[in-house]
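The structure under discussion appears below in the form of structure tokens.
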Amino acid sequence: MTPTVAIREDSFDVSMTDAHQLCLEMGKERFRFCIVEPVKRQCVWLEDYTFPTLLTESPLLPSLRTIYQNHPILQSSYWKNIHVSVNSPSFTLIPSGLFRKEYAAQYLQLMRGNPLSLSEHALAYAHKKEEFHAVFSIENALTDWLSATYPLQQITLVHQSSALIQATSATDSVLSSAQKLSLNFEDDSVTIIFRKGGEFRFCNRFSYKNATDLLYYILYVINELKTEPKELQVVLFGEITPFAEIYASLESFLPHIHFGSTPAELQLISAFDDLPEHRYFSLYGNTLID
């Protein structure tokens, strides 16, 4: 299987993976990973794969096995640390004062309207600074595969929204009293994060079919947050370009809109220069998870 994007440091020493951080982002239709040298906080490797979802209902694990089978880097079982972010619609945020680990599945049931299936289970990640827990579901088969692939290592598992919250945290706090709306786009969904004066206020994900749907959801959120489009700094990340119909629709209603950049805490080698900085923001955020 060939990656759609591949950026690699030619001098990278495969025998030195135990001194590097491996970050994986996994979803129904995509698998991405990057490698970070932790002392300089420098990203030296990135690959992005998309899956033909029409061929199978669950393409992730078969595709992962194919990718890993002959990959000279991913075959290594020894890393300084491993972070995995799961890109799925099944997640919710619970204030830490109310969170109880034994009720994690029930929190998701309230959000979804149905209980977890026998093939999945609930996990949680504590955002200590923000004082809430991100609760999400993950397939049993995926955690089993990760444990078998990296049997001697502790793996940090989070939801993609946690990586986005972490990545936007430092940049949003610099804006003092400003109101900031961060939008991270997938092919048919958007994750919305809102901060006011650097303080986290809102995060949710919405699926949409067209630009009209998307604009409705965003304006609905803005109204519920009791603010106005003209008062917001709106920053775009993920799968969106200045030439997209979606961007034109957003620009007509949101006057202070621009594309995001790489988190300041992370450095990129020169091979990344031609890659839009906003595109892999969620993956970059995964490297910043504590």
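Descriptive notes on the structure:
- Count - residues of the range 147-163 that are polar (S, T, N, Q), farther than 22 Å from I193 by Cα and part of a helix (DSSP H, G or I): 2
- Condition check for T92 on (1) in contact with a His (Cβ under 8 Å, 6 or more places away or on another chain); (2) among the hydroxyl-bearing types (S, T, Y); (3) in contact (Cβ under 8 Å) with a residue 40 or more places away in the chain: one failure, at (1).
- Any hit, the range 245-262, residues being in a loop (DSSP other than H, G, I, E, B), in contact with a helix residue (DSSP H, G or I) (Cβ under 6 Å, 6 or more places away or on another chain) and more than 20 Å from L283 (Cβ to Cβ): yes
- Looking across T50, T66, one residue alone is at pLDDT below 95 and over 28 Å from F206 (Cβ atoms). It is T66.
- For the range 1-53, filtered to residues that are of a type outside the set (D, E, K, R) and in a helix (DSSP H, G or I), the residue that is surrounded by the most Cβ atoms within 10 Å (Cβ to Cβ) is T17.
- Residue in the range 78-85 that is open to solvent by 30 Å² or more (accessible area, probe 1.4 Å) and assigned to a loop (DSSP other than H, G, I, E, B) present: yes
- Residue in the range 102-111 that is open to solvent by 30 Å² or more (accessible area, probe 1.4 Å), aliphatic (A, V, I, L, M), closer than 30 Å to K196 by Cα and out of contact with any Cys (no Cβ under 9 Å at 6 or more places or on another chain) present: yes
- Residues located in the range 225-266, provided they are open to solvent by 60 Å² or more (accessible area, probe 1.4 Å), farther than 16 Å from T168 by Cα and among the polar types (S, T, N, Q): T241, S252
The values are calculated or read from the model by the stated rules, or taken from the named source; none is laboratory data. Predicted, not measured: the structure shown is a model, and the values here were computed from it. In this analysis, Cβ positions are derived from the backbone assuming ideal geometry, glycine residues included, and neighbour counts consider all displayed protein chains. Ligands, DNA and RNA are stripped out before the accessible areas are found, and what is left, the full protein with its side chains, is counted by its heavy atoms. Shrake-Rupley method; radii C 1.70, N 1.55, O 1.52, S 1.80 Å.
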